[in-house]
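Some notes on the structure that comes next.
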Amino acid sequence: MTIHWEKLLGVFVVSFGATVAVVTLVTLALLGLSARAARLGPSDAPARPALFSPPAGTAVAAVCLVAAALVVLFGLWAIVAR
Amino acid sequence: MTTMVIAVVLTALVFDFTNGFHDTANAMATSIATGALRPRVAVLLAGVLNLVGAFLSVQVALTISSGLVDEARITPEVIFAGLIGAILWNLLTWLLGLPSSSSHALFGGLIGASWVAAGSGAINFSTVVGKVLVPLALSPVVAGVVALTATAVVYRLAAHGDRRTLNRGFQAAQVVSASMVALAHGTNDAQKTMGVITLTLITVGLLPAHAAPPLWVIASAGLAIAAGTAMGGWRIIQTLGNRISDIQSPQGFAAETASTAVILSAAHLGFALSTTQVATGAVLGAANGRRKAVVRWRVAGRMGAVWLLTLPAAATVGGLAAWVARGPAGTVLVAAVAMAIAAVIYGLSRRKPVTAVTVNHPPAPRPVAIAAPAAAAA
């Protein structure tokens, strides 16, 4: 019996990187959108002042969402092409 | 002979159905718990995506046991007995509301049945260690560490944002991540049944060697797993979504993303990991990634015990079934007893039913009161 440790390490590294990248992108996008929400009116509990100005926030959100969508598409490709 | 083949095909489809409702939780439990998707919508979505997944996958693994047993010695009777063992174990764990790997149940059933039918020489024990025990130990840990880190990152970053925007955004993101898990599940698990049916047909000469599964096999396997998924294994969904911890939408999103990444990257590198073990590990990791979250380790411990028991328990039932199911009368007897046990399990489940309505309101664990308030995200 052989355990393919290098493959297992590969699974760990790839899934770690992909997951942290996707959640970071989505969270950044939501932070960008938060900037808009802050301008639109008082909200439940703005914990801290928004990170971005509204236009910058929108731009950040758009870029991050596109990047996250690309990762999802890559995932779909991985499912279909297997 | 033909009757036996029909019995195997039908039993395989029943197994596929139990596989479906056993595994709805893997994709949808946290989305239902956080309110990202309404319970019935979630299980229907998972069912449809499982059906799509069954048709999407290009390769059907033409192996029943992934080399765990000597496939040259497998007869339709052995497959039938193995499937019975797997089905009964799936039903019992469903009754207890505990997620457990349907693949391991199938492997166990086949190992037990082959052992009885062809002796211990038919079993490749080193492959069992390499393909079942090692992944069993490692996949929840890998998924858990990834989900824990992702959850910690999300909460650290999200401290700066507008709470309402974040909540809505993470719920939307959860719909996508849960769908990915369901789709990946469909491509993996429906294939198992297709492989079993196709190989049975090849064994008896109804299909030429190395034949691809016919369309009716793909369609019936896809429909069986989709129907099972859409039934919603509410008992297991409740355990994974509510009883391990109070999962919030960022945690659910992190857990589902981690599950998808681990399953897909492993499949790409030629591993077949149990979706159940990956998803459960990810939920545990996400639960630990948020500060002040309550993690009920006793529930997790019970799951771990069930995972260790899955293979030997299904093997025992499979072996017993193989011992009885020699000849047509024995086969009919096994089928009748299995149906009776299934009916009893169903009857027991009606005593404390868990439905789409009650899935998000678990009973408090017996003596100890829950310290944390119920999930805030509704």
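Structure data summary
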| quantity | calculated |
| --- | --- |
| Residue count, the range B:4-50 (criterion: within 14 Å of chain A (Cβ to nearest Cβ) and not polar (S, T, N, Q)) | 3 |
| Filter result for the condition that a residue is crowded, with 21+ Cβ neighbours inside 10 Å and either of a type in the set (D, E, K, R) or in a helix (DSSP H, G or I) (or both), over B:V8, B:V41 | B:V8 |
| Number of positions in the range B:199-255 that are surrounded by fewer than 17 Cβ atoms within 10 Å (Cβ to Cβ) and of a type in the set (A, V, I, L, M, F, W, C) | 10 |
| Test for B:T24: is it on the phi < 0 side of the Ramachandran plot, modelled with pLDDT of 90 or more, assigned to a helix (DSSP H, G or I) and of a type in the set (V, I, T) | yes |
| Qualifying residue in the range A:50-65 (condition: within 7 Å of chain B (Cβ to nearest Cβ), modelled with pLDDT of 85 or more and under 15 Å from the mean Cα position of the chain (by Cα)) | no |
| Answer residue from the range B:92-147, given it is over 20 Å from the mean Cα position of the chain (by Cα) and not in a helix (DSSP H, G or I) and is farthest from A:T24 (Cα to Cα) among those | B:G119 |
| Residues satisfying the stated conditions in the range B:281-314, i.e. of a type in the set (V, I, T) and crowded, with 24+ Cβ neighbours inside 10 Å | B:V283, B:T310 |
| Condition check for B:H210: at the interface with another protein chain (Cβ under 9 Å from one of its Cβ atoms) and either of a type outside the set (D, E) or without any contact (Cβ under 8 Å) to a residue 24 or more places away in the chain (or both) | no |
| Long-range neighbours under 9 Å by Cβ, at least six apart or interchain, first residue more than 7 Å from chain B (Cβ to nearest Cβ) and surrounded by fewer than 18 Cβ atoms within 10 Å (Cβ to Cβ) within the range A:4-23, second assigned to a helix (DSSP H, G or I) and charged (D, E, K, R) | none |
| All positions within the range B:213-249 that are in a helix (DSSP H, G or I) and within 14 Å of another protein chain (Cβ to nearest Cβ) | B:S249 |
| Residue match in the range B:54-75 (condition: surrounded by fewer than 24 Cβ atoms within 10 Å (Cβ to Cβ), under 20 Å from B:Q277 (Cα atoms) and out of contact with any Cys (no Cβ under 6 Å at 6 or more places or on another chain)) | yes |
| Within the range B:154-180, considering residues that are surrounded by fewer than 18 Cβ atoms within 10 Å (Cβ to Cβ) and either touching a strand residue (DSSP E or B) at 6+ places or on another chain (Cβ under 9 Å) or among the small types (G, A, S) (or both), the one nearest to the other protein chains (Cβ to nearest Cβ) | B:A159 |
| Single match in B:V145, B:V116, B:V132 (criterion: in contact with a Phe, Trp or Tyr (Cβ under 8 Å, 6 or more places away or on another chain), surrounded by fewer than 24 Cβ atoms within 10 Å (Cβ to Cβ), of a type in the set (A, V, I, L, M) and more than 14 Å from chain A (Cβ to nearest Cβ)) | B:V116 |
| Residue match in the range B:322-332 (condition: of a type in the set (S, T, Y) and in contact with a Leu (Cβ under 9 Å, 6 or more places away or on another chain)) | no |
| Qualifying residues in the range B:168-192 (those that are polar (S, T, N, Q) and modelled with pLDDT under 90) - the one farthest from B:A46 (Cα to Cα) | B:Q191 |
| Residues within the range B:250-304 that are without any contact (Cβ under 8 Å) to a residue 40 or more places away in the chain and within 11 Å of chain A (Cβ to nearest Cβ), tallied | 4 |
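Conditions (1) under 17 Å from the mean Cα position of the chain (by Cα); (2) of a type in the set (A, V, I, L, M), marked per residue:
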{"site": "B:A182", "(1), (2)": "yes, yes"}
{"site": "B:H185", "(1), (2)": "yes, no"}
{"site": "B:A190", "(1), (2)": "yes, yes"}
{"site": "B:G205", "(1), (2)": "no, no"}
{"site": "B:P208", "(1), (2)": "no, no"}
{"site": "B:A227", "(1), (2)": "yes, yes"}
{"site": "B:M231", "(1), (2)": "yes, yes"}
{"site": "B:S249", "(1), (2)": "no, no"}
{"site": "B:F253", "(1), (2)": "no, no"}
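The values are calculated or read from the model by the stated rules, or taken from the named source; none is laboratory data. Here the structure is a predicted model, which means the values were calculated and not measured. Please note: Cβ atoms are built from the backbone with ideal geometry, for glycine as well, and neighbour counts cover all protein chains shown.
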